[in-house]
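Here is the structure we will look at.
Read-outs throughout are calculated quantities, based only on the coordinates presented, and are distinct from any laboratory measurement. Keep in mind it's a predicted model, so treat the numbers as computed, not measured. So basically every Cβ, Gly included, is an ideal-geometry build from the backbone, and we count neighbours across all protein chains shown.
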Amino acid sequence: MSRKAVVQPKNKLRIAIIGSGNIGTDLLIKILRSPSLECGAFIGRNLSSVGMVKALSLGVTVSADGINYIVQNPDCCELIFDATSAKSHLEHAPVFKKLNKRVIDLTPAKIGLMSVPSVNLEDSLAEFNVNMVTCGGQASIPVAYAIGQSQTDVDYIEVVSSIASRSAGPATRQNLDEYIKTTEEGLREFSGATRTKAILNLNPAEPCIDMQATIFAKVNNPNIPKLVEILEPLVENVRKYVPGYEIIFGPIVENDRIVVIARVRGLGDYLPAYAGNLDIINCAAIAMAEEYASLAHSKGSTGE
């Protein structure tokens, strides 16, 4: 079952969002604000859900037919945001591949190339399925990457992420095991560390806390000036698409460990500003999609 909206402007990259929960709805708001993206379809399972009702009020085409809507209407999009679950994306990915659709995966399914725009944007643009790691990964990997690039013999990196309990919805809670494994794998891949560990704390405090990620690293002969030299421009790159991202402590050496604390405050589009954990992964996904749009426009203008 679906409901059609008015025809949207041309010359924008058409996006389909599958997953009509908080993450998908926030992505929709961000797409509608983007100068280079448009939403071709907002897809879930229940037309009366909060996300669907919001999308309908904004004049967006919606469907409760799940992935079948995209199979039956492949022209609805050129790129897909999968905001469902890791288990669902494992089922979706082969279908998207058969349809020759680019996919930005916001679940911790780990099928596509792990993408952190501030670090490996160019590599990601060549892929048809990119994985946005996790919220903790998006917040900590720029720091872990800087540590890997500036230090020798990185033995161990640990990331402790703290988020407001209210910002951890059903999908986040259902995917906790995948979240831990994917974050740890991303930390290893981007830093070169021998061992990694990820911990997620859900804080029930009122008022709700902003997301924080504390990064600990054990290396031989820590070189803080070199780390700062590499980290500062990376942080500025992140802030281009997540203005509320900042390093609030460090880097310092404490008990023979490098310590850095990053804090993320969201844009407050659909999700509350304290839900920086959800906002950072959505902002990273939008940044990727806008780069795809720019690439498509460039190829179109040159006749490629």
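Below is a table of values for the structure above.
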| item | result |
| --- | --- |
| Full-extension gain in nm, residue 113 to residue 156, via 0.36 nm per residue minus C-alpha separation | 13.2 nm |
| Rounded Å value of the spacing that divides the Cα centres of segment 193-238 and segment 161-182 | 18 Å |
| Of 161, 124, 49, the one that fluctuates the most in a GNM where the chain has Cα springs shorter than 10 Å | 49 |
| Residue 123-residue 165 pseudo-label distance in nm [points 7 Å out on the Cα-to-Cβ vector] | 3.9 nm |
| log₁₀ of I(q)/I(0) at q = 0.11, 0.18, 0.22 Å⁻¹ - segment 135-273, Debye sum with one point per alpha carbon | -0.38, -1.00, -1.38 |
| Computed label-point distance, nm, for sites residue 75 and residue 240 using a 7 Å Cα→Cβ extension | 3.5 nm |
| Set 98/240; 181/218; 30/98; 12/240; 12/181 screened for pairs whose C-alpha atoms are more than 26 Å apart | 98/240; 30/98; 12/181 |
| Protection proxy ranking of 75-85, 232-242, 15-25, 259-269 - average other beta-carbon atoms within 10 Å, highest first | 15-25, 75-85, 259-269, 232-242 |
| Volume in Å³ per residue [convex hull over Cα atoms, computed for segment 15-152] | 116 Å³ |
| Point-to-point label distance, residue 48-residue 199, nm (Cα→Cβ direction, 7 Å offset) | 4.4 nm |
| Local net charge near residue 216, Cβ-Cβ under 13 Å (Lys/Arg +1, Asp/Glu -1) | 0 |
| Cα-Cα P(r), the chain, percent of pairs per 20 Å interval | 35, 55, 10, 0 |
| Extension gain (nm, one decimal) between residue 174 and residue 33, 0.36 nm per residue minus Cα-Cα | 47.8 nm |
| Extension gain (nm, one decimal) between residue 99 and residue 58, 0.36 nm per residue minus Cα-Cα | 12.0 nm |
| Kyte-Doolittle mean at least 0.5 and Cα axial length at least 15 Å: DSSP H helices in the chain | 22-33, 135-150 |
| Of 284, 168, 144, the one that fluctuates the most in a GNM where the chain has Cα springs shorter than 10 Å | 168 |
